[in-house]
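Read through the structure below, which is laid out as structure tokens, and then see the notes.
The values are calculated or read from the model by the stated rules, or taken from the named source; none is laboratory data. Nothing here was measured: the structure is a model prediction, and the numbers come from that model. In this analysis, Cβ positions are derived from the backbone assuming ideal geometry, glycine residues included, and neighbour counts consider all displayed protein chains.
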Amino acid sequence: MSTTIQPTDIKLNYVSIASARKMSGLRLVLGAYSIPGPWREACKGLFHVKGIPYTPVVTADEGKSDLAIGMDGSQSELIAWTGQASAPVAIWNDERPRSSWIDQLNLAERLNPEPPLIPANIHDRVLMFGLINELAGENGIAWEKRLLMVHGPLTNMPPGAEGRAFFEYLGSKYGYTPALAEAAVRRIVDILNTFDAQLASQKRAGRDYLVGDRFSAVDIYWATFCGLIDPMPEDRCPMASSFRGGAYGNDNADVARALTPALLAHRDKVYEKHLELPIVF
């Protein structure tokens, strides 16, 4: 399997890491690839909703997917700047780079408190952070999807086969074992069922969003992470075609049932009301 993506219409005005390090303000290391990487799109969404301008930064491996960043050890510039080899990373002026979703959310909230994306009510806040972790954290829905992605190739490809090294690298990054991969579908279904029940509870209370009485960060994370299982159509998400239906898609009937029309409708509403359409790469 090739890990190089054929670009579509990349519309963001990327700068190099070397150029970005000389700048002030907000810089987002995003890569430069035409797939809706969920952590990447959520990070972009936070600052878009806040109206905070940023400079998008390309990694040294322009054209590679986020799945392949760091595989060949060529991310020396990114590592030197941020201390790690994955995107996205948010850097504000001379402050420390922020490569985790929770740090990026807290930075966005500090730079512009309006509109608030973190609930003031402690019970809503705890619920919101817990739900986001089920999407973006270790063993969350994206993590489990990556385990499924490598399970088939590592099970069926013989040692030394072309492309196997990529899946071995990705498997090591996400702690792959056959047992964990076999449990991944159940965990994804459980997470989807939890989000569906939470959304239904909110609807019964006359509320339009996942937590509390207003739009919050968890709505952004749901909308962007949903694309791993069911990416939006081409006119809304003009992603690299080689990834649609594979890395971004689903062929499991249990997962398909758990991804309810209500959850998909909520994804669409969040994009239509709050995020960029079409997705800009």
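Observations on the model:
- Residue count for the range 233-268 satisfying the condition of being free of Cβ contacts under 8 Å to residues at least 60 places away in the same chain and within 20 Å of ASP208 (Cβ to Cβ): 5.
- Residues of the range 117-172 classified as under 18 Å from the mean Cα position of the chain (by Cα) and polar (S, T, N, Q), total: 2
- The residue list ALA87, ALA80, ALA136 contains one member that is in the same structural domain as ALA42 (by TED's automatic domain parsing), hydrophobic (A, V, I, L, M, F, W, C) and within 14 Å of TRP39 (Cβ to Cβ), which is ALA87.
- Residues of the range 199-217 that turn out to be over 22 Å from the mean Cα position of the chain (by Cα), in a helix (DSSP H, G or I) and within 19 Å of ILE122 (Cα to Cα), as a count: 2
- Qualifying positions in the range 1-22 - at pLDDT 95 or above and either aromatic (Phe, Trp, Tyr) or assigned to a loop (DSSP other than H, G, I, E, B) (or both): ARG21, LYS22
- When the range 23-46 is limited to residues that are outside any helix (DSSP H, G or I) and either at pLDDT 95 or above or assigned by TED's automatic domain parsing to the domain that holds PRO233 (or both), the one that is farthest from LEU117 (Cα to Cα) turns out to be MET23.
- Any hit, the range 218-236, residues being in a loop (DSSP other than H, G, I, E, B) and of a type in the set (A, V, I, L, M, F, W, C): yes
- Leading residue by the ranking (modelled with the lowest pLDDT) among those in the range 237-249 that are farther than 18 Å from ALA136 by Cα and not in a helix (DSSP H, G or I): GLY246
- Enumeration of residues in the range 82-108 that are of a type outside the set (A, V, I, L, M), assigned to a helix (DSSP H, G or I), within 16 Å of TYR221 (Cβ to Cβ) and in contact (Cβ under 8 Å) with a residue 40 or more places away in the chain: TRP101, GLN104
- For ALA87: the one exception among (1) surrounded by fewer than 21 Cβ atoms within 10 Å (Cβ to Cβ); (2) modelled with pLDDT under 95; (3) in contact with a Phe, Trp or Tyr (Cβ under 9 Å, 6 or more places away or on another chain); (4) small (Gly, Ala, Ser): (1)
- So ALA223, is it assigned by TED's automatic domain parsing to the domain that holds ASN133, without any contact (Cβ under 8 Å) to a residue 60 or more places away in the chain and buried (at least 19 other Cβ atoms within 10 Å of the Cβ): no
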